[in-house]
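Since the structure comes first, as structure tokens, the remarks are kept for the end.
The values are calculated or read from the model by the stated rules, or taken from the named source; none is laboratory data. What you see is a predicted model; the values in this text were computed from it and never measured. Virtual Cβ from ideal backbone geometry, glycine too; neighbours counted across all protein chains shown. Just so you know, the surface numbers come from the protein's heavy atoms only, side chains and all, with ligands and any DNA or RNA stripped out. Shrake-Rupley method; radii C 1.70, N 1.55, O 1.52, S 1.80 Å.
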Amino acid sequence: MGTLRLRRPFSLSAWVWLLLGAAYFMIPLLATFLFSIKDKHTGSCCSLSAYGVIVHDHQFWTTIKLSFILSLETIAASLLLFVPTVYWVHLKLPRLRAVVGFLALIPFVVPPIILVVGLLDFYRGSPRWFYGQPYGFLVAAYVILAFPYVYFSLDSGFRAIDVHTLTEASLNLGASWPRTLLSVILPNIRVAALSGAFLTLAIVMGEFTIATLSAFHTFPTYIQYINETQAYPAAAVSLMSFGITWAAMLSILLVGRRPGARQVQIAGTR
Amino acid sequence: MPLAWLGVVPFFAYALLFLFFPAGQVLVGAFKGAHGSFTLANVHDLVRVHQFRNAYKASIEISLVTALLGAVFGLLIAYAAIREGTPRWIRSAFTTFSGVAANFGGIPLAFAFIATLGTIGIVTQFLANQLHYNLYQHGFSLFTKTGVEIVYLYFQIPLMLLVIAPAIDGLRREWSEASSNLGASRLQYWRYIGIPILLPSILGAVILLFGNAFAAYATAYGLTSSGLGLVPILIGSDLSGNVLSNPHEGQALAFGMFVVLGLMMLFYVPLQRRASRWAR
């Protein structure tokens, strides 16, 4: 043990790899930042005019608001759908855990680009309030995209508590099923539910594929539009988008969980 | 509890409506002709038509290259960050950043690289002005396969780091101590103990990375619009109504992706099972 200990504290190659990694990750962000503070007319440093363009663009506000509403709706829908399901599976149908866990891997085989082909074709001709509305069509798809994230978060949350004892105690004390779920189970899986929610937020705020191919104008499609038309504001808005992902991931840390470890990280944002 | 299964009906109904039916529609549509009759022509086109065959070749090549490079670099960085002797905060900095970067992709990522390595990107300009080396005159372009690979690695490496970190944590210190007590060198430790134990996790991660790159649409689109003929890009142009004329062609292309990803999954599941044996 002594020799190992002595050999380990400092390793040149380890530091070289860490430095290379850090450089590769930081340089594009730094470059985007430097780009974003160039003057939109002269291209010289330093000006906040690129940010001004974005902030004064009402399209920016409508699309970011839409994306945010869609995130909230997706979060609400997936929690409503998955919390009772995962709870029930843990409580009554433990043998189904493997099945649901396997289903959570299916979005890997059916990524957004395939899902959108199927959804557009399958729901063609369905009522306008669903097919023509981002609040219907997009949210329906995003719940599927969020499924693996929310499921793995909730599953580990439920594994950490004694579902049977909590439920029995609550029912014996005269609580109804809904009340058991709301005031006994939910507070105990709050962290898991919140981290699933923040992951979903990051996914929906960044999802481009399904939104653009079904012709909805969300925040990521706005970024693409700016990319094609104005270079410096594009840097500014790209950085804002990175900030949103960053904030969502930091929120997961703040509520007390490592972001994403041991999960299948295949989201729609790519 | 004979009625207990009723509790999971909403979930399965949802999965059926918004995942299985649409996916089934793609599978069936791939085998439909223009008038709705059964045909193998669309799927046959995938290998017959030049454009499609090249698209699969390019997509598979990019996915393979970025999966392997992502795995190698991700593993090296993960090990460097996790090993004893590296300060704790570096490890948390890297894993936190990876959590963000693995979920950061698509259009903004594409633009970040345009600002870095595009024709007027910061690094391109720096090399040209300070070192008098013009990347774009030496055959480099961000808007080619190589460029897309460089950009994809930005989410592939962090994904590898996140996936492999628990497996590296699972390497117990006793094992390396025991092997060194028995006279093994560092190299022998890795050759006979470390790598064999990590191997199922590494292979599983490579598959995950492959699928991750193979299915990516937004990043490639943000970089090259429809310029680079990757499978997702072709499907996208088909859906938005240019290039291809037959609506079932897009479904056939999607079917082909589905087959590739499905094959990957067949390898992934048993590897995952084996890998979880040593996980802590």
Exercise for the section: Provide, as a two-decimal number, the C-alpha radius of gyration of the stretch A:140-270 over 2.2 N^0.38 Å, N being how many residues it has. Expected result: 1.34
Fill in the blank from the handout: Each label sits 7 Å from Cα toward the beta-carbon; between residue B:64 and residue B:48 the label points are separated, in nm, by 2.6 nm
Problem - Euclidean distance of C-alpha centroids, the stretch A:151-213 and the stretch B:88-121, integer Å - result: 30 Å
Exercise for the section: Summarise the partner chain shielding of A:82-94 as one whole number: the mean count of Cβ atoms from other chains within 10 Å of each residue's Cβ. Expected result: 3
Handout entry: Projected-area mean, the stretch A:1-158, by convex hull of Cα positions, square nanometres
Key = 17.8 nm²
Problem - Per-peptide average of other Cβ atoms within 10 Å, ordering A:75-88, B:214-227, B:177-190 highest first - result: B:214-227, A:75-88, B:177-190
Problem - Projected-area mean, chain B, by convex hull of Cα positions, square nanometres - result: 22.0 nm²
Handout entry: Kirkwood hydrodynamic radius (C-alpha pairs) into Stokes-Einstein, the protein assembly as shown, 20 °C and 1.002 mPa s, D in µm²/s
Key = 87 µm²/s
Problem - Cα-based equivalent ellipsoid of chain A: semi-axis lengths in Å, sorted from largest, via gyration tensor - result: 37, 30, 17
Problem - Loss of accessible area when B meets A, both sides summed, Å² nearest 100, probe 1.4 Å - result: 8300 Å²
Fill in the blank from the handout: Result for the protein assembly as shown: accessible area per residue, probe 1.4 angstrom, in square angstrom, of 44 Å²
Fill in the blank from the handout: Under the 7 Å Cα-to-Cβ spin-label approximation, residue A:169 and residue A:191 lie apart by a distance in nanometres of 1.8 nm
Fill in the blank from the handout: Computed, not fitted: 222 nm per-residue ellipticity of chain B from DSSP H runs ≥ 4 (each -39500 (n - 2.57)), nearest 500, equal to -22500 deg cm²/dmol
Fill in the blank from the handout: A correct Stokes-Einstein calculation for the stretch A:198-253, using the alpha-carbon Kirkwood radius, 4 °C and 1.567 mPa s, returns a whole-number D in µm² s⁻¹ of 110 µm²/s
Completion exercise
Full extension between residue A:182 and residue A:13 adds, at 0.36 nm per residue less the Cα distance, a length in nm of 55.6 nm
Handout entry: Volume of the Cα convex hull of the stretch B:38-96, divided per residue and given in Å³
Key = 108 Å³
Exercise for the section: Please work out the FRET efficiency for the pair residue B:175 and residue B:144, using the Cβ-Cβ distance as r and a Förster radius of 51 Å; give the result to the nearest 0.05. Expected result: 0.70
Exercise for the section: Note down the magnitude of the dipole of the protein assembly as shown about its Cα centre, charges +1 on Lys and Arg C-beta and -1 on Asp and Glu C-beta and zero elsewhere, to the nearest 20 debye. Expected result: 1440 debye
Completion exercise
With label points set 7 Å from each Cα along the Cα-to-Cβ direction at residue A:22 and residue B:12, the distance between them in nm comes to 5.3 nm
Practice task
With a 1.4 Å probe and every protein chain left in place, tell me how much accessible area residue A:124 has, in Å² to the nearest 10.
Solution key: 150 Å²
